[in-house]
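Right, one structure below, let's go through it.
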Amino acid sequence: MQSPAFRVVRALLLLLIGIFFLFPIVWVLLMSFMTNVDILRSPPSPFFVPTLRNYVALISGHLSTSSGEVQIDYMHNLLNSVILSTCSVIVSLILGVPAAYAFARFKFRGGEDMAFTLLSFRFAPPLLVLLPLLGYFQAIGLYDTYFGLIWVYQLITLPLVLWITRGYFEDVSEDLELAYRLDGHSWLSTFFRISIPLARPGIAAAGLLSFIFAWNNFIFALILGSSSVQPVTVGALAFITASGIEYGQIAAALVLSVIPTLILAIFTQRYLVEGLSLGAIKG
Amino acid sequence: MSFLSIDRLSKSYRKNEVIRDLSFAVDRGEFLVVFGPSGAGKTVLLRLIAGMVRPDRGRVLLGGSDITDDNPEQRDIAMAFQNFALYPHMSAFDNIGSPLRAAKVGEAERRRRVEEAAKLLRIDHVLGHLPRALSNGQKQRTALARSLVSEPSLLLLDDPLRNVDAKVRYEMRLELPRLLRARDTTVVYVTQDYKEAMALGDRIAVLADGGFQQIDTPERVYNAPASARIARLFGDPPINLLPAVRSGAGLRVASSEIALDGAAPDRAECTMGVRPEDVIVSLEQASGAIPVEIDAVTPLNDRQVMLLRADDGTEIFASQPQGTHVVPGGLPSGRERPRAWARLDVSRSHFFETASGARV
């Protein structure tokens with residue numbers, strides 16, 4: 001039995017930690033319902049008249065500032081983010097999962113080198129390749145296209161998918177695959193009915209992580225695209241206007257941009273937990 | 001005409017030759033036990049037969065046709081694994097039904113045959129469970145049901161009783177032959193438990209150092225082991241292997257003279273193998289018996305196992321049935337060791353060459 005004092009102290013500590021980590025998020029959420037005047041008031045006050053004008057401005061695309069009306073295209077940026085991140089993750093899963101399986105199961109000449117080269121894409125500073133890439137993209141017509149950006153996004157998402165799922169495939173017992181094949185199932189059917197389902201928690205984790213990385217990317221789209229394909233991370237720059245920074249809209253934009261990732265995380269969670277409960281093959 | 005033949009099979013990993021020029025044949029309906037110490041290559045051999053591992057050289061023939069280059073799914077072979085290898089995301093029913101689904105057996109027929117196999121193995125009440133909800137005994141039965149349900153022409157069992165508790169293991173040892181005889185299945189069974197090998201096999205193939213040391217009936221393997229090494233693998237406590245030197249008409253063993261009656265090896269030196277049950281211990285001096293001290297006494301069921309030490313330090317195991325216990329209550333406490341005399345039953349002994357260990 002725990003003493004009441006212990007429980008009180010524990011609750012207090014938990015509250016403190018909670019406040020520490022959640023404060024920025026809560027503050028952004030509050031800011032998104034404030035006018036710029038409320039936000040910039042000193043000292044800051046948590047009491048204010050909530051307003052929806054930040055959200056209305058974002059969704060309608062008309063931003064009225066002290067120096068006049070500004071057109072912003074934030075909803076289009078949001079759509080771009082969804083398209084870019086989703087397609088990048090799908091392409092990475094289609095390419096990366098079978099590759100990860102091959103790296104996990106078969107030892108072939110140069111296999112380790114190939115896997116490591118893919119990982120090394122994560123070490124290099126992106127700017128190193130971006131400027132030459134800009135030249136190539138403009139020359140072959142990939143500049144400012146979804147296709148071109150999704151291609152470059154593979155530098156972020158593919159290594160993640162490959163290396164995370166590879167570990168999970170290595171944990172799937174080879175005996176299970178042999179057993180399924182001896183039952184009379186083909187190699188391909190064994191891959192889809194045994195290996196993929198058993199590595200699903202890893203595939204889910206890799207998909208979620210690479211989605212977040214792709215979603216948060218800034219520099220690729222800043223340089224390799226114009227506003228027609230740019231995601232929210234670049235689109236948020238528009239709130240730095242001639243008449244000052246629109247903090248309220250930035251906060252609202254942030255809240256909106258978190259929602260898709262949040263939905264995906266909640267949806268993926270059930271697969272992440274599934275992995276913990278399936279357990280090993282032996283009892 | 002043998003059903004399964006292995007023809008000069010070899011397999012190396014890196015520089016380590018696990019299987020070397022291995023050949024054997026199994027008849028239709030025969031139960032062959034492959035027995036060997038761990039690391040002898042038993043599992044590799046099964047994998048070669050199953051098609052999971054490709055041999056470096058040699059052929060595998062099943063029912064007269066060469067299947068060496070066939071994929072596992074093309075071979076009419078079923079296998080039960082030591083770790084059960086149940087698909088953790090499928091119910092027991094789907095696990096057992098997997099070979100039938102591969103063979104495109106219809107839904108109703110599949111249900112009937114899965115339930116029949118489950119009934120036979122007494123797991124029909126847990127068919128809806130996932131493997132993690134099954135006990136080890138039930139998992140093992142599910143794995144066996146899966147391997148039996150498609151009535152394969154060849155069944156490979158990779159130490160299937162290794163991971164179940166003693167009671168289930170004993171039950172299955174009695175049940176398995178009955179189940180398999182009824183179907184006339186050809187079985188290759190791998191184990192490292194000599195009792196299991198003796199209980200189940202029509203023949204036992206003793207695998208060691210990459211090759212078969214002896215392929216024979218259980219009686220012959222036990223009573224006429226081909227080498228000292230095989231003799232040591234069968235029996236608990238293990239056989240006593242004593243260096244023996246010819247001296248006159250008798251043998252000199254553990255610094256004592258013992259008489260030879262009957263056939264004796266016609267060489268100056270050899271290794272004498274005496275099973276513990278063929279060592280007769282007495283507290284009274286007898287001619288031709290080795291003077292020993294009783295070093296330790298352990299009960300083994302109704303038998304008593306004794307560790308004897310001869311005057312020159314040679315250790316001898318003796319195992320005595322109930323009613324002939326020399327020290328009925330075990331050893332007295334204290335440092336004193338009882339003096340006794342051990343007579344070796346020469347007529348039931350085995351003689352092996354000292355250097356090679358081969359039977360003389």
Can we say residue A:5 is assigned to a helix (DSSP H, G or I), exposed (fewer than 10 other Cβ atoms within 10 Å of the Cβ) and on the phi < 0 side of the Ramachandran plot? yes
In the stretch B:127-147, the residues that are out of contact with any strand residue (DSSP E or B) (no Cβ under 7 Å at 6 or more places or on another chain), buried (at least 19 other Cβ atoms within 10 Å of the Cβ) and either more than 14 Å from chain A (Cβ to nearest Cβ) or assigned to a helix (DSSP H, G or I) (or both): B:127, B:131, B:137, B:138, B:139, B:140, B:141, B:142, B:145, B:146
So, in the stretch A:91-131, exactly how many residues are β-branched (Val, Ile, Thr) and more than 21 Å from residue A:189 (Cα to Cα)? 3
Only one of (1) surrounded by 19 or more Cβ atoms within 10 Å (Cβ to Cβ); (2) among the hydrophobic types (A, V, I, L, M, F, W, C); (3) at pLDDT below 90 does not apply to residue B:168, and that is (1)
Taking the stretch A:169-213, which residues are touching a His at 6+ places or on another chain (Cβ under 9 Å) and not hydrophobic (A, V, I, L, M, F, W, C)? A:193, A:197, A:200
Selection from the stretch B:61-85 of residues buried (at least 22 other Cβ atoms within 10 Å of the Cβ) and free of Cβ contacts under 8 Å to residues at least 60 places away in the same chain yields B:72, B:85
Reported set for the stretch A:164-209 where residues are among the polar types (S, T, N, Q) and within 9 Å of chain B (Cβ to nearest Cβ) is A:173, A:186, A:189, A:190
Flag for residue A:70 being modelled with pLDDT of 85 or more and either more than 29 Å from the chain's Cα centre (by Cα) or in a helix (DSSP H, G or I) (or both): no
Hey, among the residues in the stretch B:330-355 that are part of a loop (DSSP other than H, G, I, E, B) and touching a residue at least 60 places away in the same chain (Cβ under 8 Å), which one's surrounded by the most Cβ atoms within 10 Å (Cβ to Cβ)? B:349
Kindly indicate whether residue B:175 is within 28 Å of the chain's Cα centre (by Cα) and within 13 Å of chain A (Cβ to nearest Cβ). no
Per-region count, the stretch B:86-95, residues buried (at least 21 other Cβ atoms within 10 Å of the Cβ) and either facing chain A (nearest Cβ under 7 Å) or at pLDDT below 90 (or both): 2
Could you figure out which of (1) free of Cβ contacts under 8 Å to residues at least 12 places away in the same chain; (2) assigned to a strand (DSSP E or B) isn't true of residue B:319? (1)
In this structure, is residue A:199 crowded, with 21+ Cβ neighbours inside 10 Å, within 27 Å of the chain's Cα centre (by Cα), more than 30 Å from residue B:103 (Cα to Cα) and hydrophobic (A, V, I, L, M, F, W, C)? no
So which strands (runs of 3 or more DSSP E) stay within the stretch B:30-84 end to end and still have 3 or more residues that are facing chain A (nearest Cβ under 10 Å)? B:77-80
In the stretch B:97-114, which residues are within 20 Å of residue A:181 (Cβ to Cβ), among the aliphatic types (A, V, I, L, M) and more than 10 Å from chain A (Cβ to nearest Cβ)? B:105, B:114
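The values are calculated or read from the model by the stated rules, or taken from the named source; none is laboratory data. Since we're looking at a predicted model, the values are computed, not measured. Note that each Cβ is placed from the backbone with ideal geometry, even for glycine, and that neighbours are counted across all protein chains shown.
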